[in-house]
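The values are calculated or read from the model by the stated rules, or taken from the named source; none is laboratory data. Note that the coordinates shown come from a computational prediction; the quantities given were computed from them, not determined experimentally. FYI the Cβ positions are ideal-geometry reconstructions off the backbone, even for glycines, and counts take in every protein chain you see. With ligands, DNA and RNA removed, areas are computed over all heavy atoms of the protein, side chains included. Shrake-Rupley method; radii C 1.70, N 1.55, O 1.52, S 1.80 Å.
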Amino acid sequence: MWQPRGAVMKSGRWYLALAAVAVTAGCGFGEVAFSGDFGGRPFRPDGTAFGFVDALERVPELKPRDRQRAIAVATFAAFDPTVDQEQLPGNDLVDLRHAIAVSDWFSFWWRDRQQVVAGSSFTDVVLIGDSDGRYEDSDSTATGRSDGFQARFAVAREELGAGASYADYRPFGTRAVVTVHLTEASLDVGGRLRGSATFRIERLDSDPADAATGSVGGEFSAPIVGERIAEKNFETLDLYNQLEVSR
Amino acid sequence: MRLLPTALVLLAVAGCGYGAVSVEGTFDGERFAPTGTVFAVLDAHVEEPRPGGGIAVIARDDPRLLLFFCQPAIDPDVDFAALSGSEIEELRELVRRGDRVLLRDLPTHATVAGARLVLDDGRADFALLMLAGSAPIAAGDSYADLRPLGRHLSAVLAIERAVLAEKGQLVGALALARDRAADQPANTVTGTVTLQFDAPIVSERIGESNLRVLGY
């Protein structure tokens with residue numbers, strides 16, 4: 001019988017950490033320290049956190065943007081965003097892409113870096129998409145959202161056991177409120193975005209009564225890396241698509 | 001270090017497949033042997049987008065069965081999506097290179113002991129996907145050696161035993177016939193292969209997820 005080279009994991013979460021570590025020299029980048037859970041499902045995008053300023057656009061040649069964007073992301077999968085991930089061996093690259101796709105992550109996007117200053121706070125209200133656990137659409141009808149700020153996140157895919165049936169299936173609440181407060185915002189390369197974030201999943205009236213809700217939050221620190229290497233790795237790892245970051 | 005589930009190790013050591021399949025007949029001497037794995041999935045629910053977002057799981061009014069055969073021995077009780085990315089690619093490639101058959105939309109009300117379900121020009125009791133594996137070729141092989149496979153397919157599924165529940169069992173025989181389509185040459189490969197099978201019914205959620213990972 002065919003079996004995986006390494007063997008089958010018992011827990012996807014620690015397996016993914018191992019897989020990601022196996023393809024990088026280091027173990028994690030930036031810091032995320034969250035606590036809480038969504039109805040028993042943890043949310044720990046604490047393998048990698050980094051940010052960058054998107055200052056240039058291709059139209060088709062590079063030219064400065066009228067408004068420079070700021071981006072911060074975090075994933076459970078661990079990799080070094082200052083290293084060109086395209087140089088990984090093919091299998092390792094496939095492993096890392098898959099680990100990112102199925103594990104916890106969040107992304108924050110600001111339309112104008114001028115917004116991003118220490119002491120500022122931001123809120124987005126996000127709706128779950130077609131894939132369960134993936135909050136990928138801002139609720140345009142919600143009040144209290146911060147102009148020019150988008151938050152997205154996904155809870156790791158649930159690992160299915162041999163007897164997994166729909167009787168065990170518990171969906172997430174449809175809506176989530178994400179709040180971010182920045183205590184440090186040094187956007188030059190070598191600086192960092194630091195602050196706290198809270199992700200609160202809520203149930204709508206239309207949701208099943210057992211839909212998972214809850215709140216996860218804590219501190220994060222995302223070192224600012226160079227735009228060119230960050231964007232190269234975004235392309236290589238399909239992060240624009242996987243982490244729902246606007247180009 | 002990751003752990004290897006004991007059951008999986010024992011199956012691998014013993015060289016067993018998943019379920020049981022035996023083959024009678026060939027397609028003009030060409031072996032067709034999706035004999036390493038057979039399992040069925042009772043498709044009793046459908047996932048639909050909820051208004052406002054998210055996924056709603058709805059019980060089907062008309063549950064149906066999927067029946068999958070493939071050449072390598074794989075364990076459909078393992079969550080393929082939880083493997084590493086490269087292991088998933090390896091598994092997909094392994095399955096793709098071998099013979100495989102997928103029957104979809106088998107109506108559960110008609111899948112009972114003694115039933116005979118048919119797919120031919122006049123009747124479609126189920127949908128059929130039948131794919132021949134990719135045999136290795138040698139440096140000297142040319143297209144002159146290549147005989148086209150008959151594209152006109154028909155199938156008869158004879159049910160001997162049906163326990164249609166998760167952890168249940170489907171036992172029977174699937175006769176697959178290849179015939180020459182009107183526009184195919186005279187040397188087209190034709191014939192009938194019959195797969196005698198004993199298929200465990202795996203849990204719906206993992207069974208469907210695994211078929212999706214494999215691309216079906």
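Taking the stretch A:88-135, which residues are facing chain B (nearest Cβ under 9 Å) and either open to solvent by 30 Å² or more (accessible area, probe 1.4 Å) or farther than 30 Å from B:Gly85 by Cβ (or both)?
A:Gly90, A:Asn91, A:Asp92, A:Val94, A:Arg97, A:His98, A:Ala101, A:Leu127, A:Asp130, A:Ser131, A:Asp132 - these are the residues of the stretch A:88-135 that are facing chain B (nearest Cβ under 9 Å) and either open to solvent by 30 Å² or more (accessible area, probe 1.4 Å) or farther than 30 Å from B:Gly85 by Cβ (or both).
Restricted to the stretch A:214-247, and to residues that are assigned to a helix (DSSP H, G or I) and in contact with a strand residue (DSSP E or B) (Cβ under 6 Å, 6 or more places away or on another chain), which residue is most open to solvent (accessible area, probe 1.4 Å)?
Once the filter is applied, the top-ranked residue is A:Glu227.
Kindly provide the set of residues from the stretch A:143-174 that are more than 12 Å from every other protein chain (Cβ to nearest Cβ) and either hydrophobic (A, V, I, L, M, F, W, C) or in contact with a Phe, Trp or Tyr (Cβ under 8 Å, 6 or more places away or on another chain) (or both), ordered by number.
A:Ser146, A:Gly148, A:Phe149, A:Gln150, A:Ala151, A:Arg152, A:Phe153, A:Ala154, A:Val155
Among the residues of the stretch A:196-210 satisfying the criterion of being of a type in the set (Gly, Ala, Ser) and surrounded by fewer than 22 Cβ atoms within 10 Å (Cβ to Cβ), which is nearest to the other protein chains (Cβ to nearest Cβ)?
Only one residue fits best here, namely A:Ser206.
Among the residues in the stretch B:175-191, are any within 30 Å of A:Tyr169 (Cβ to Cβ) and at pLDDT 95 or above?
No, that holds for no residue.
Which one is most open to solvent (accessible area, probe 1.4 Å), of the residues in the stretch B:147-195 that are part of a loop (DSSP other than H, G, I, E, B) and within 27 Å of A:Ala162 (Cα to Cα)?
My answer is B:Lys167.
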